[in-house]
Structures are given as C-alpha cells and as structure tokens.
1. Yes or no: LEU353 of a type outside the set (Val, Ile, Thr), farther than 22 Å from LYS537 by Cβ and within 11 Å of the chain's Cα centre (by Cα)?
2. Which residues, taken from region 313-331, are touching a helix residue (DSSP H, G or I) at 6+ places or on another chain (Cβ under 9 Å) and either at pLDDT 95 or above or surrounded by fewer than 17 Cβ atoms within 10 Å (Cβ to Cβ) (or both)?
3. Considering only residues of region 33-53 that are aliphatic (A, V, I, L, M) and under 15 Å from ALA14 (Cα atoms), which is modelled with the highest pLDDT?
4. How do the helices (runs of 4 or more DSSP H) wholly within region 455-535 filter down when requiring 1 or more residues that are open to solvent by 20 Å² or more (accessible area, probe 1.4 Å) and in contact with a strand residue (DSSP E or B) (Cβ under 8 Å, 6 or more places away or on another chain): which remain?
5. Can you pull out the residues in region 287-324 that are outside any loop (DSSP other than H, G, I, E, B) and under 13 Å from GLU253 (Cα atoms)?
6. Hey, which of the strands (runs of 3 or more DSSP E) in region 325-422, taking only ones fully inside, have at least 2 residues that are more than 20 Å from ALA504 (Cα to Cα)?
7. Filter region 554-583 for residues that are open to solvent by 60 Å² or more (accessible area, probe 1.4 Å) and touching a Leu at 6+ places or on another chain (Cβ under 8 Å) and give the result.
8. Do the conditions hold for LEU474, that is, is it under 26 Å from LYS570 (Cβ atoms) and touching a helix residue (DSSP H, G or I) at 6+ places or on another chain (Cβ under 7 Å)?
Amino acid sequence: NGDGRLQKAELLAAFGGAQAAEFLEFCDADGDESLTCDEFVRGILKDTGDLDDAEFERECLSKLARWLSVRDNSKTDPSPTPSAARVPFPDAERPRRLERESRMNNDGTSTSLNFPDAERPRRLPLPSTVSDCRSSASLDRPQELRRYFQQADVNGDGRLQKAELLAAFGGAQAAEFLEFCDADGDESLTCDEFVRGILKDTGDLDDAEFERECLAKLACWLSARDKSRGRGFKKPRFLDGPAVSGSGWAAMEPKAGLVLLPLEFRAREDEVVVEVECCGVCGSDLHMIDNDWGFLTYPLVPGHEIVGVVVWRGPQVADESIKIGMRVGVGHLSRTCDSCRYCLAGDDSICELPTPTAQKPHTGGFGTHVVASAKWVFPIPESLSSPQAAPLLCGGITVYAPLLAYQVQPGDRVGVIGLGGLGHLAIQFAKAWGTHVTVFSSSPEKEALARSLGAHAFVSSQDQAAMERCRNSLDFIYYVVPYDLDFELYLSILRRNGKLCVLASSGKPMQVQTTSLFLLHKSIVGRNIGSAHWTTKMLEFAALHDIKAVVETFPMEDVNVVLDMVKQNKVNFRAVLTHQNRA
C-alpha cells in the first residue's frame, strides 16, 4: 500500500503460509506489528537459519511451478510427443542459499536436514487396461484405488462430487480430472469411473500423480524440518476412526418436505464435532431447500445458526480454549481455504473455496450433530441462552459486520428499513454502537415495538410527508427486507458520503439513477456475514450490551410445520428448532 511498512496481510501475501507470523514476531523490533524496510532487511540477514529454510521452501515450490508451466505448455502442442521426449522434472538438488547446513539440537549436537533426492518418485505401474491390471500378480492396483475412493467419499453416497475431488486431489487438476473421467456427464464420479479414469494410459494422470508425489515428498521434508523445531507440519486429513452416528432432517429434492435420515459424521484432524442443542431457521434455509440459487445437490440437511456442545476435538485443533463439553456456535461457514487472497487479508467470509455448513461434504444444524473447522467454532458467552444466541450466528453477524466494514461511527444517524428477523437485530446493534437509530416500516402499529428495541425515531414508509422530511438526514441505511422499494427515495434520505447497505434481495433488479452516486459520493454496498474474528467480537459485543434475538422455539421434529410458518411470515422475528432433551 506504499506506506513504507509491511503489515501482516502484506507479509502473508508476499511469503505465504504460517512463516509470516513467525517472521513478523522475529523481526518486529519496535513491537508495532509491522515491519519497516530496515527491520525487514535486518531480519532476513540475521544468521538464524530459519529464514534460510523459508527461502528454500519458496525456491523448491518455484522450481516445481516452473516445471509444471513448461509441462502444461507442452500439452497444448497438437503434435504427438513420444514418451522419451516428455518434459523432464528439473534436478531438485538443494537450492543455493545462505551457508547453514545444520541445526543445533537441544543436547548440543548438530543435525543436518537434507532435502531428499528428487528423482521421479516411485509410483505404481499404470497398465493400459483395467483387465491387464487385474491380471497382474504383483499388485492389485484397482483394489487400492477403490480404497482411496472410499476414503475420499466423505459423505458416503458412493460418488465423488467436485468438492470431494478438490479435497482429495487439491489444485486445478480436480476439474480437469472430473471432466476427463465423467462418463455419464452428471458432474460426479462413481467408483468405477474413478478407477477407469486413473488407469487410462493417457499420460496426463501420470503427471498429476507425479505432481502430488513431488509435493508429498516436499511436505515430508518440511515435516521433518519443522519437527526439529518443536512444531508439526501436517495437512489435516479425514480420520479413519469410527464415525459419530446420528440423524438429520434432509430435503431429498428441491421444494420437498424434509425427512429424517440416519447419518454418520466424520471429522478432519483440525475439526470438532458438535452435538446440536438448537438451530435457528433463516430465510436462506428456505432458498436452499427450494434450490432457488440453482447449484445445490441433494439430499441436503439445512441449518446454519447452530448452538451445541463439543463432543469430539481433533488432535490438530490449535485453539486450546476449545474443550470437550464447551457450549459453542457454528454459523454459515464450516471451513475456509485460508490461502486465497481474501483469507490472507483477513476477509475469510468471502473465501474463494469455502465449505458452507449446510452443504456437502457437511450437513447442517437440522440434525443431531455438525462438523466444522475449529476456526469457525465460536464459544457462546454465558449470559446468552442457546435459543437467543443461535440467530446471532447468521443474522447477528450480518448486521454487525457492516458497522465495522463501513466505519459507522458513534453519533452517526442510522436507518433500518423493516422490523423483522434482521431488522430487530440491526436496531439493537446500531443502538449499542452509539448511533441514532430511525426505523422505517410500512406497519405504523410497530412503532412501540421499535422503540422498545432501542429505536430513537420511527417513520411510517406509507406517510409521504414524513418520508420527505427525512431527506438528507442519515449517514447509513440497512436494507433488510426481501421486498422491492423506491431506492431513489432512500438514496435521497442519505447525506453526502452516505451508504445504503443491502442485506436482502427482492429478486428483482435494483433501479436507481446514478447521479447522486457520483455527484454526492453516495454508495450502495452489500455484505454477507463476517470474518471468523468479527464473529467472535460480535458475540462478545452482544453479551456486553445484552443484545438478544427475539425468538419462538419449536421441537426439531416440527421442522416442516415451522418452515411453512416462516414462509407465511407467521413467526415472531426468529424461529429456533430445539432438541428438547438438550437445550
């Protein structure tokens, strides 16, 4: 950003991986959590050996990336390439780096960590046909591949979806592999399609396997190196141990009622299993059940406003505060990649490769258990009851995040369009933030309720004279109702530099004149939940200011009745489904 200092996000973008935080702590002489140019140069040149290894990692990966680029370019050549002319992998002798070949152990001895020879890794032979492989006496490769398929098929439906392929293969190879092997065109792979695809003698899959083995070899070397430092380096994997048995209310097809299915819940080593106490019903659950967005697969267990108790904690969960028996919440996301540009910048709610809680391979909160990465599991403050806390994990963070993202200040004047499930939370958060809150509603009888929640003013949107008097009076407006509005009118209510924040969809295109946007610096902005860090801050803020969702609770078994009530707007603000023997 040209300010003469490297912030943590810039270090992550430049270095990548967990090294950045350690590097910042090591080099930050003045303790301001950023590096001047002099601090950066001195840190690199310090004779510690750690930075030599980081440089080594980057050079190894850079060398592999260059080879892959050359190899992939060679694939675009239409002329046939004999196997002898294949692009060779470069010699992977240890790259040139600062002279420091050994590390001192605690007992004073010296240990050398040599990078393994990178001749083409030993791999299983790939016969030209499946029958040839089956007749091979030395190795039953299809059986091994079937075992691999079962491990990768985390939801146990007998097919590998694209997300499962990404988790199993990693990288851009998954999409190419899916297109190559998908014989029936359903964008998933059966076990037979998977095995036949691997065994086809095309050469492409040989290279993909080669890449994975190269990267695995590098990861093994890094693991040995990091183990010598007293910390592990291990990619989370799905456990082979016994699954947690339970059930969930699932939509078997779009627009269908939910049915109870038996389920098994498996977790990665950096995840936790949460036994559900209660789960809020959100408007987006209805959209997911009906597949209004067009990209979901079934069966689907909805629910992403979850409060429950931790019953299993993976061995790679780094957060020591998460303990068995702790009451926690899980929201819309259960995992993020933590390596895309948005995750590295701290804006992980818009991760490029997210894993939503209520989509495969996971199942949502309308069931007995959920599985989530420890990063997206949040302790619930004691002052919040489980049913009142559940809607905060979606609705609460949705209205809280804009206050931070768009720098709403105490003393600003904030408007809330609509007094419903999101609106009643927006009033409470904006009031506690120190702003003056005006509620706009088409129901004049809701004025007393709005003021009881903390609103300072109430305007009936049906009163044209009252709306005219509001022109040029507000700094920030929440649009939280799924209805089409006169957006020009609400833009006129904003002051210069004001923002209209869109948190709902009417399903119709928004029509506005652009004049006020460029002449008066007004903005139309939007948000979708918030980062993991902001979600923790939101829960703490809600507990501090006694912000609670207004809820009606129902037994989990009445889920279909409750969904109909929510569709017909017959629920008082928020509906919460509970397991009555737990909540």
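1. Judged against the criteria, LEU353 is a match.
2. GLN316, ALA318, ASP319, ARG327, GLY329, VAL330, GLY331
3. Result: LEU35.
4. Working: elements: 464-469, 487-493, 515-519.
Helices (runs of 4 or more DSSP H) meeting the threshold: 515-519.
5. Hits for region 287-324 are HIS287, MET288, ILE289, ASP290, LEU300.
6. The qualifying strands (runs of 3 or more DSSP E) are 327-330, 333-335, 369-373, 377-379.
7. Correct list: ASP558, LYS567.
8. Working: under 26 Å from LYS570 (Cβ atoms): no; touching a helix residue (DSSP H, G or I) at 6+ places or on another chain (Cβ under 7 Å): yes.
Judged against the criteria, LEU474 is not a match.
The values are calculated or read from the model by the stated rules, or taken from the named source; none is laboratory data. On a predicted model such as this, the values are computed, not experimentally measured, just so you know. Please note: Cβ atoms are built from the backbone with ideal geometry, for glycine as well, and neighbour counts cover all protein chains shown. Surface accessibility is based on the protein's heavy atoms, side chains included, excluding ligands, DNA and RNA. Shrake-Rupley method; radii C 1.70, N 1.55, O 1.52, S 1.80 Å.
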